[in-house]
Amino acid sequence: MSKPWVTINCAMSLDGKIALPSRRQTRISCEEDLKRVHKLRNDSDAIVVGIGTVLMDDPKLLVKEKYISSPSQPLRIILDSNLRIPRNAQVLKPGAPTLIVTTCKEDRYEHITIIRCGPPNKRVNLHQLIEYLGDRGIKKIMVEGGETVIWEFLRNNLVDELLVFIAPMIIGGVTSPTLAGDTGAATLESVIHMRIQRIEKLEDGLLIQCKPQRKNSVNGSLPAQKNL
Ligand SMILES: NC(=O)c1ccc[n+]([C@@H]2O[C@H](COP(=O)([O-])OP(=O)(O)OC[C@H]3O[C@@H](n4cnc5c(N)ncnc54)[C@H](OP(=O)(O)O)[C@@H]3O)[C@@H](O)[C@H]2O)c1
């Protein structure tokens, strides 16, 4: 199998926050950015979010006809190790196919496609999931969050590009989720270095496209930085 292309897409404030201190969703993207996000969804074979985002935001994860005429809806994938997804979640409603990925042994739901990736009592094994999706012809994956999922994709070296829209606003608050959360890097060596490839102004905000810099497998050094 060839590994699917993985794009992380996220919108954050100038201070790196992706939601309010209550963790509730807030509008961060401008209209031009929303149009770009819906085009990216439309061009993807699958969208991935974690159960934290489903419980907090209850997103539909559909391509809106307001932005794309005759949309092609990607597969909606939810990482949900303990099968916590509510039966009335928007992502389980018609509009696009949905796949729940778990490590839980139980079968609590009927009429929902569930696969198991990884041993029970652990989080979903992302390498196994990517291999499963690649074997089924999925070529382009868009990861939409939240902070735990983004960090885990980066930490597992599965990301090909990161697209981050930065809005000219400050959200503040120590409890506000950030672009990458969870444990974060424990040491300087495990910090994830990125190479910026493009910066574009979208209305009053900035879109930054970057990719992780892979370390030299022999001496662990980073490749030399080039100027933009
Ligand atoms: N601004 C934006 O672009 C944007 C986009 C999306 C979300 N958000 C915000 O992000 C916040 C939610 O972030 P979050 O960190 O709480 O939730 P999350 O990243 O959406 O989901 C994390 C949960 O997914 C499950 N999971 C299963 N396998 C995993 C794996 N391999 N790696 C990581 N997670 C895995 C875990 O729960 P289990 O162990 O129970 O399975 C984990 O706690 C909300 O405030 C939301 O509004 C912002």
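Can you find, within the range 91-117, the residue that is nearest to SER72 (Cα to Cα) among those that are more than 18 Å from the chain's Cα centre (by Cα), part of a strand (DSSP E or B) and not aliphatic (A, V, I, L, M)? For the range 91-117, the residue satisfying everything is THR113. Hey, does the range 44-61 have a residue that's buried (at least 19 other Cβ atoms within 10 Å of the Cβ), assigned to a loop (DSSP other than H, G, I, E, B), touching a helix residue (DSSP H, G or I) at 6+ places or on another chain (Cβ under 8 Å) and in contact (Cβ under 8 Å) with a residue 24 or more places away in the chain? The answer is yes, given that some residue of the range 44-61 is buried (at least 19 other Cβ atoms within 10 Å of the Cβ), assigned to a loop (DSSP other than H, G, I, E, B), touching a helix residue (DSSP H, G or I) at 6+ places or on another chain (Cβ under 8 Å) and in contact (Cβ under 8 Å) with a residue 24 or more places away in the chain.
Looking only at the range 167-214, filter to residues that are outside any loop (DSSP other than H, G, I, E, B) and hydroxyl-bearing (Ser, Thr, Tyr); which one of those is farthest from the chain's Cα centre (by Cα)? Outline the logic, then answer.
Going through the range 167-214, the residues outside any loop (DSSP other than H, G, I, E, B) turn out to be 167, 178, 188-190, 194-202, 205-212.
Narrowing further to those that are hydroxyl-bearing (Ser, Thr, Tyr): 178, 190.
Numbers: THR178: 13, SER190: 20 Å.
Per the stated criteria, the residue is SER190.
Quick one: which residue in ARG23, ARG36, ARG41, ARG123 is part of a loop (DSSP other than H, G, I, E, B), closer than 30 Å to ILE170 by Cα and modelled with pLDDT of 95 or more? Step by step, each of ARG23, ARG36, ARG41, ARG123 is checked, and only ARG23 is part of a loop (DSSP other than H, G, I, E, B), closer than 30 Å to ILE170 by Cα and modelled with pLDDT of 95 or more. Can you tell me which residue in the range 113-128 is nearest to ILE51 (Cα to Cα), limited to those that are touching a strand residue (DSSP E or B) at 6+ places or on another chain (Cβ under 6 Å) and among the aliphatic types (A, V, I, L, M)? Restricting to residues being touching a strand residue (DSSP E or B) at 6+ places or on another chain (Cβ under 6 Å) and among the aliphatic types (A, V, I, L, M), the top hit is VAL124. Figure legend. Inter-residue proximity from the range 17-38: first residues free of Cβ contacts under 8 Å to residues at least 40 places away in the same chain and under 25 Å from ILE141 (Cβ atoms), second residues part of a loop (DSSP other than H, G, I, E, B) and not hydroxyl-bearing (Ser, Thr, Tyr), beta-carbon distance below 6 Å, spacing 6+ or different chains. Indicated pairs: GLN25/ALA19; HIS38/VAL63; HIS38/LYS64; HIS38/ILE68.
Take ILE78 and tell me if it is within 24 Å of VAL159 (Cβ to Cβ), among the hydrophobic types (A, V, I, L, M, F, W, C) and loosely packed, with under 15 Cβ neighbours inside 10 Å. Please lay out each step first, then the result.
Working: within 24 Å of VAL159 (Cβ to Cβ): yes; among the hydrophobic types (A, V, I, L, M, F, W, C): yes; loosely packed, with under 15 Cβ neighbours inside 10 Å: no.
It is false that ILE78 is within 24 Å of VAL159 (Cβ to Cβ), among the hydrophobic types (A, V, I, L, M, F, W, C) and loosely packed, with under 15 Cβ neighbours inside 10 Å.
Could you list all residues from the range 109-153 that are within 12 Å of the ligand (Cβ to nearest atom) and on the phi > 0 side of the Ramachandran plot? Selection gives GLY118, ASN121, GLY145. Any chance the range 101-108 includes a residue that's under 16 Å from VAL143 (Cβ atoms) and within 12 Å of the ligand (Cβ to nearest atom)? Within the range 101-108, one or more residues are under 16 Å from VAL143 (Cβ atoms) and within 12 Å of the ligand (Cβ to nearest atom).
Hey, could you check the range 11-28 for residues that are under 18 Å from LEU61 (Cα atoms) and surrounded by fewer than 19 Cβ atoms within 10 Å (Cβ to Cβ) and say which is nearest to the chain's Cα centre (by Cα)? Top of the filtered list is GLN25.
The values are calculated or read from the model by the stated rules, or taken from the named source; none is laboratory data. Keep in mind it's a predicted model, so treat the numbers as computed, not measured. Glycine also receives a Cβ, built like all others from the backbone with ideal geometry; neighbour counts cover every protein chain displayed.
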